[in-house]
Structures are given as structure tokens and as C-alpha cells.
1. Which is in a helix (DSSP H, G or I), within 30 Å of GLN127 (Cα to Cα), modelled with pLDDT of 90 or more and out of contact with any helix residue (DSSP H, G or I) (no Cβ under 6 Å at 6 or more places or on another chain), of GLU66, GLU56?
2. Within the stretch 107-128, work out how many residues are aliphatic (A, V, I, L, M) and outside any helix (DSSP H, G or I).
3. Among the residues of the stretch 14-46, what is the count of those that are of a type in the set (A, V, I, L, M, F, W, C), at pLDDT 80 or above and surrounded by 15 or more Cβ atoms within 10 Å (Cβ to Cβ)?
4. Could you tell me how many of the residues in the stretch 1-32 are in a helix (DSSP H, G or I) and not basic (Lys, Arg)?
5. Only one of these conditions is not met by PHE83: (1) assigned to a helix (DSSP H, G or I); (2) aromatic (Phe, Trp, Tyr); (3) at pLDDT 85 or above. Which number is it?
Amino acid sequence: MLPEDNVAIAAGLAKKAELLDSFRREYGQQIDGRWWYSIVPLMPQLRTEIAVPPREGFRTTEARLEQVADAATNRLKAVLHAFVRQPGEEHGGWSFLISAIFDLGGASKIRSFILDKLKSELRRSGQL
């Protein structure tokens, strides 16, 4: 949902100010005195279901999956660190503990789990 004062919404309404009332009636929801608009109904091309192409037409390699597993593992570590380093929160020692787990073999186990799951799912669907 986007508020009416969102740059994209406001710019469109400014161009066609005479449509404001009908636009609000058709697409808007008033919440706590502010008008909000769902994004999908504003984009007619997203209303209809999109046919998913056959999965077997999209293949990958084990080398590419290794890159994906590395990136996913690094992202998980970064997200966990961000959670425990939130300002105003007391997490005494959690950041150190997460680093220790990742540095003492946890990262390779997590990476291995991700890689095994990707490979098994993609083999099953004929994409590897």
C-alpha cells in the first residue's frame, strides 16, 4: 500500500486533479484520516495471472549454485548481525556468538545445507 502523498501517486494525481474523487472511490482506502492505495490494483497488467513458463526450460549449473549458496550464507550472517545490533536493544554477546558460530564451521554447514537443498530441488524439477 502507498499513501496518497507518495511521490508516484501524488505526481499522477497532480496531473489529473479532476480525477481525485473517482480515484479515491475506486482504488483508495482511508485509514486514520490518510488515503492509501494498493499497488497491484493500480497496475492492470498485474491483475491477471501470469502463466509460468515450463521450468525445464530454465537450467543452471552446479558452479552457479555454489555462488548462490555463498551469497545466501553471507546474507544470512549479515542479517543476523543487523538484528542483534539494533540501536537501543540489549543483546549482550549475541554478535560475538554469531561470529563465532559462523567462523568455527557454522558457515560451511549452513552453506552446505543451502547447496544440498538447491541441488535436490533443481534436480527434481529437471533444472540441474
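1. GLU66
2. The total comes to 1.
3. Of the residues in that region, 3 qualify.
4. Qualifying residue count, the stretch 1-32: 17.
5. Going through (1) assigned to a helix (DSSP H, G or I); (2) aromatic (Phe, Trp, Tyr); (3) at pLDDT 85 or above one by one, PHE83 breaks only (3).
The values are calculated or read from the model by the stated rules, or taken from the named source; none is laboratory data. Computed from a prediction, not measured in an experiment: that's the story for all the values here. All Cβ positions, glycine included, derive from the backbone under ideal geometry; neighbour counts span all protein chains shown.
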